[in-house]
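*Asks:* Sending over a structure as structure tokens; questions will come in a sec.
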Amino acid sequence: MKKIVFALLLIAAFNLCAYAQSDSTAKSASYRLKSYLSAHIAEKTYLQFDKPYYAAGDTIYFKAYVTVGERHVLSRLSGVLHVDLINTGNKIDQTIKLQLDSGVAHGDFALPDSLPDGSYKVRAYTQWMRNNNEDGFFYKTIEVGSIKNARMPESLVRSPIKVTNKADIQFFPEGGSLVTGIHSKVAFKAIGTNGLGINVNGVVTDNENKEIVSFASGHLGMGYFYLSPVEGKTYKAKLTFADGTQSISDLPKPDPKGIVLLVNNDSIPKASVRIAANSAYYLENRNKAYSVVIYSGGTATTVTCKLDSPVITMDILKRRLHTGIATVTLFSPVVEPLCERLLFIQNYDQLNLSVSSDKTAYAKREKVNIKLAAINRAGNPSAGNFSVSVTDESKVPVDENGENTIISNLLLASDLKGYVEQPNYYFADTSTTARNNLDVLLLTQGYRRFEWKQVLDNSYPPIAYQPEKGLEIDGMVKNLFGKPINKGTITLLPSNGGPLLTSITDDKGVFRFSNLIFYDTTHFVLSAVTANGKNSTKITYFNDRPETVIAANHSQNVPKVADTAMIELLNNDKLQQDELVKYGHAKGVMLKEVKIRSVKIGDDYRTQSLAGAGFADQVMHADEIERVQGSLVTSLSGRLNGVNFKNGKPYLVMNLMMGLGPKNFVPPMLVVIDGNEVPDGDFMGLQASDVETVEVLKYASASIYGMDGSGGVLVITTKQGGGLKTKDISSIGILPITLMGFYKAREFYSPKYDNTALVKQRDFRSTIYWQPEVVTDKNGNASFDYYNADGAGTYKMVVEGIDDKGNLGRQVFRYKVQ
């Protein structure tokens, strides 16, 4: 047996070197990997949420962190983050664009009261991330309960969606294959009908029915056993699953001639690598040069050695590797990847976040003062960007092992293929058992970052998407005969008096304004002239974008929120809603944020509402509108639910009854015609026959229009020439357009109880405090304060974030409220 003691040297990111390289073949894998990494710089996205699950009517608050490269430095590559709320039918309900400021942003999704309960998903990605396929997007499955079912516990019990007809098991020989004559570790993972890990035990027998070894799963249906395959024999496993079912499964057929890569990662300071060839393989390949590539944190190092012994061992010192997943790959003399092993490196280089409060216990509604200190591995103060969530644990209890944290996501789950069950278990538990279970996990799941075959063959997809620095407005200009206008001049004029921009059309008549920065609802005017200055042009604005595909494999099951936990949240939410009815409108105080209704599947009518089709509380279409001929006001009077007309202006009936507004002034509904807000709500000139749709947006549904929509919104879309159904908006010579820019996140409402006017109103908040913008100074310090609610018990604070060097930090802090 030959042994090499190999200590990795400190190497700058993407600088790949070789140890004892003797020929060009040893360099090929490293050099091609370097080329791939240089062209495919990785971006990752992680979202922290204010709480783990929600009730219909809640607002989902989140903070986004976008990192670049393998060391999780906050990204300056992309300036736009796309975030989608995906419903139980795997369709997008809501979508927003957030402006990234040095890799961070925050946003929210308001959930309608009428939202059906079930599993929803939040997806986040940058345009650049689309180059590395959709699997690399951030996904978070969120359970939403319905307040209507809060008194009926049985309605919350949902049978899991079956992903298999029966429990199943897979076997994963270490290094990829079983080889006769070599004693190897075989990992396994048992999956139940709900797609989650299930306990299993069994015995391995050979083809003569002789029992070879017994085994039993440990954590989440995973485990391992050792097997020394004998030439000419095959193996089966007789299984008994936790649900009592039994089955027989074939083990992978052993190779009669082969080589394996085995790694022992039990030691904290080093990993021991063992390359073993059976007799047949060794005799055929003796003294040939093999390569081992160790890849960690953007750095790859190559070790070459001759196969001058059936067994070669080497030690890899971990202190120079980077925390996270490392890969060890064995290459043949002709640079063919033979075996690969994933390792988790934990160098304890996370930020030390210290959270201190001015008291150990507080009273209800008492002010809480918190100080945060961030220290890096070297013991120096760390300037970083953090987000803070405080919840009442009695209202939203959570299994901490199942939490998806900034550490478990960026260091583990984002680099693995498939779903990682209970990701936080591997970081919350620092025992040897948890560390060993993490090693078994890596034996059963593949690496996502790259595939060697594509790297070596240069067959990876070309770069199709460039980083977005800002928003884009594009379209096409044609002449009146429908031919594209080349070298025409298109002018973009913001209605708010911003700078005038121009663009020249290409030979296909396409124009593009890139890297724009604007927010919420913004009005523009596009005008176009031909190359010789004539304005006889037709402008088409590309208003409808193809929706990013939602990968089917992100529909996998996750553990359901315990029924008792969801019922507690829903009952609490009912108390909060009752309190709002009792006090909220009278005092003009809302402890809950406004909500946006979810889109209804199949509602794809043409609209220029900012909320999109299907978000309205009521929709009238042309055939229904034209049943009452004459002016549009006449046609709509008495036919819109909860809307009255006074002097030709629409008002929400509830607002009239309650006298909302300063000095009981009741604002009329905002009237929007073809995407343009109409001054004074005047649409008396419109005839019923002119209109394609009328949409009523009330309260939560109108929130997308901000304060302008506080009295509700009436969205009118005209026929534009006999019921036009085109996906684009076009006009002759000049075209006004209204666009939704970067989303401006709502501020989380946190009451201040030095105001005695709020004393009578009970406070049932489950999220006590949410602050997405906590920045530590050069001394590593930050502070914030807030007021407790009326709930007694344990309050849980979670602080997460990244410093300016890419070091990750997470801290959980609890205190009592009496």
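The values are calculated or read from the model by the stated rules, or taken from the named source; none is laboratory data. Nothing here was measured: the structure is a model prediction, and the numbers come from that model. Here Cβ is always computed from backbone atoms with ideal geometry, including for glycine, and neighbour counts include all displayed protein chains. What goes into the accessible areas is simple: the full protein's heavy atoms, side chains included, and nothing from ligands, DNA or RNA. Shrake-Rupley method; radii C 1.70, N 1.55, O 1.52, S 1.80 Å.
*Asks:* Taking 0.36 nm per residue of sequence separation and subtracting the Cα-Cα distance, how much length would be gained by fully extending the chain between Lys367 and Asn781, in nm to one decimal?
*Replies:* 147.0 nm
*Asks:* Tell me the angle of helix 432-444 to the major Cα principal axis of the chain, expressed in degrees between 0 and 90 and rounded to the nearest ten.
*Replies:* Result, in degrees: 80.
*Asks:* Also, I was wondering about something else. How high is the FRET efficiency between Arg377 and Glu626 when r is their beta carbon distance and R₀ equals 60 Å, given to the nearest 0.05?
*Replies:* Calculated value: 0.25.
*Asks:* Taking amide H atoms as placed 1.01 Å from N in the peptide plane, list the residues 5 or more away in sequence, or in a different chain, whose amide H sits under 5 Å from that of Ile169.
*Replies:* Long-range HN contacts for Ile169: Ile191.
*Asks:* Can I ask one more? Compactness ratio of segment 321-435: Cα Rg over 2.2 N^0.38 Å, N = residue count?
*Replies:* Against the empirical 2.2 N^0.38 Å value, I get 1.46 for segment 321-435.
*Asks:* Turning to a different aspect of this structure: So what is the accessible area of segment 413-547 per residue, in Å², with the probe set to 1.4 Å?
*Replies:* Ligands and nucleic acids excluded, the figure is 52 Å² per residue.
*Asks:* Quick one, what does Rg over Rh come out to for segment 16-148 if you take C-alpha atoms and the Kirkwood Rh?
*Replies:* Rounded to two decimals, Rg over Rh is 1.16.
*Asks:* To continue, here is another question. Could you work out [θ]222 nm for the chain from helices alone, using -39500 (n - 2.57) per DSSP H run of at least four and dividing by all its residues? Round to the nearest 500 deg cm²/dmol.
*Replies:* Only helices count here, giving -3000 deg cm²/dmol.
*Asks:* Where nothing but the Cβ of Lys and Arg (+1) and of Asp and Glu (-1) is charged, how large is the charge dipole of the chain around its Cα centre, in debye to the nearest 20?
*Replies:* Taking the Cα centre of the chain as origin, the dipole is about 1080 debye.
*Asks:* Find the centroid of the Cα atoms in segment 428-447 and in segment 35-75, then give the distance between the two in whole Å.
*Replies:* Segment 428-447 and segment 35-75 have Cα centres separated by 23 Å.
*Asks:* I'd like the orientation of helix 563-579 relative to the chain: the angle between its Cα long axis and the longest Cα principal axis, in ° from 0 to 90, rounded to 10.
*Replies:* With rounding to tens, the tilt is 20 degrees.
*Asks:* Let me ask another. Can you figure out the FRET efficiency of Asp206 with Asn436, using R₀ = 35 Å and their beta-carbon distance, to the nearest 0.05?
*Replies:* Here the calculated transfer efficiency is 0.80.
*Asks:* For Leu262, tell me the accessible area in Å² from a 1.4 Å probe, rounded to the nearest 10.
*Replies:* 20
*Asks:* Taking the inverse of the average 1/r across all pairs of different Cα atoms in the chain, what Kirkwood radius in Å do you get?
*Replies:* Every distinct Cα pair counted, the radius reaches 30.3 Å.
*Asks:* Can you tell me the dipole magnitude for segment 191-245 around its Cα centre, using point charges on the Cβ only (Lys, Arg +1; Asp, Glu -1), in Debye to the nearest 20?
*Replies:* 40
*Asks:* Restricting everything to alpha-carbon atoms, can you work out Rg to Rh for segment 30-82 with a Kirkwood hydrodynamic radius?
*Replies:* 1.19
*Asks:* Shifting gears a bit: Which three extents, in whole angstrom, do the alpha-carbon atoms of segment 75-127 cover along their principal axes, largest first?
*Replies:* 38, 19, 12
*Asks:* Something else about it: Taking the Cβ-Cβ separation of Phe542 and Lys91 as r and a Förster radius of 25 Å, what is the calculated FRET efficiency to the nearest 0.05?
*Replies:* It comes out at approximately 0.70.
*Asks:* A follow-up question, please. Taking the dipole about the Cα centre of the chain, with the C-beta of Lys and Arg at +1 and of Asp and Glu at -1, give me whichever of Ala363, Gly706, Val799 is farthest to the positive side.
*Replies:* Val799
*Asks:* Wrap a convex hull around the Cα atoms of segment 267-383, take a quarter of its surface area, and give that in square nanometres.
*Replies:* 11.6
*Asks:* In units of 2.2 N^0.38 Å, what is the alpha-carbon radius of gyration of segment 372-486?
*Replies:* Expressed relative to 2.2 N^0.38 Å, the Cα Rg reads 1.76.
*Asks:* What is the projected area of the convex hull of the Cα atoms of segment 446-500, averaged over all directions, in nm²?
*Replies:* 8.6
*Asks:* Please list, in order, the residues from segment 783-818 whose amide nitrogen is less than 17 Å from a point placed 7 Å along the Cα→Cβ vector of Thr360.
*Replies:* Counting only backbone N, you get 793-795, 813-818.
*Asks:* Any idea what the relative contact order of the chain is, in percent, if you count C-alpha pairs under 8 Å spaced at least 6 apart?
*Replies:* 17
*Asks:* Continuing with the same structure: Any idea what angle helix 24-39 forms with the longest principal axis of the chain, computed on alpha-carbon atoms, 0 to 90 degrees, nearest 10?
*Replies:* 10
*Asks:* Same structure, new question: Can you pull the three principal axis extents for the Cα set of segment 192-272, in Å, largest first?
*Replies:* That gives 39, 37, 20 Å along the principal axes, largest extent first.
*Asks:* Could you tell me the largest-minus-smallest coordinate of the C-alpha atoms of segment 385-434 on each of the three principal axes, in descending order and whole angstroms?
*Replies:* 33, 29, 20
*Asks:* Can I ask one more? Give me the number: length gained by fully extending Val812 to Leu656, i.e. 0.36 nm times residue separation minus the C-alpha to C-alpha distance, one decimal in nm.
*Replies:* That works out to 51.4 nm of additional length.
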